[in-house]
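Read the structure below first, then the notes.
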Amino acid sequence: MATLYDLQGAYARVAALAADPESDPEAIKDTLASIKDGIKEKAVGYAYVIKSVEDDMKLVEAEIDRLTTRKQALNNRVKTMKQALTDAMQTAGVKKVKTPTLTVWIQASTSVQVPEDYRLLPPQFVVEKVTHVVDKRSIGNDLKAGKTVVGAELKTTWSPRIR
């Protein structure tokens, strides 16, 4: 049996591998397999590594949210600046400005504006779109009740739960 210090170092290496999206999943698996301790200790080691990676994922998610908010603010600023530039050029009667490094111009574009409620439009301008969605809940209930559903089956999978 390995010492606690050895196990901590080994699981720290596994945690570092697991946190690196570039690392090979087989390397993680092999490293965990090489740790010499019992299944109970290994389960606890796995759980600590999983918790560590989940904590990292929460930090990444928070950073994604922060950057998404920043991106939206920058996008709104660009829209405001473009509209101000367009308004200024229209007011001044300038259609094009050319320099050695940039050319800026305003160009008219036409788009179709329609009401939010399609029922306000004549029917010849409305296309019906049909989607099909599988009702897995009903299929599951029928299968559990012993009924046969062609093409469907109940599949049991196992996954760890960590508290």
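Among the residues in segment 52-70, are any within 18 Å of Arg13 (Cβ to Cβ) and over 17 Å from the mean Cα position of the chain (by Cα)?
Yes: segment 52-70 contains one or more residues that are within 18 Å of Arg13 (Cβ to Cβ) and over 17 Å from the mean Cα position of the chain (by Cα).
From the list Gly146, Gly140, pick out the single residue that is more than 30 Å from Thr31 (Cβ to Cβ) and surrounded by fewer than 10 Cβ atoms within 10 Å (Cβ to Cβ).
Just a single option satisfies the conditions, and that option is Gly146.
Any chance segment 144-155 includes a residue that's under 30 Å from Gly45 (Cα atoms) and within 30 Å of the chain's Cα centre (by Cα)?
Yes, the conditions are met somewhere in segment 144-155.
Does Lys95 satisfy being in contact with a strand residue (DSSP E or B) (Cβ under 7 Å, 6 or more places away or on another chain) and at pLDDT 85 or above?
Judged against the criteria, Lys95 is a match.
Answer yes or no: is there a residue in segment 53-69 that is assigned to a helix (DSSP H, G or I) and touching a residue at least 12 places away in the same chain (Cβ under 8 Å).
There is at least one residue in segment 53-69 that is assigned to a helix (DSSP H, G or I) and touching a residue at least 12 places away in the same chain (Cβ under 8 Å).
Exactly one of these conditions fails for Met89: (1) surrounded by 10 or more Cβ atoms within 10 Å (Cβ to Cβ); (2) in contact with a Leu (Cβ under 7 Å, 6 or more places away or on another chain). Give me its number.
Every listed condition holds for Met89 apart from (2).
The values are calculated or read from the model by the stated rules, or taken from the named source; none is laboratory data. In this text, all values refer to a predicted model and were calculated from it rather than measured experimentally. Neighbour counts are summed over all protein chains in view; Cβ atoms, including those assigned to glycine, are modelled from backbone coordinates with ideal geometry.
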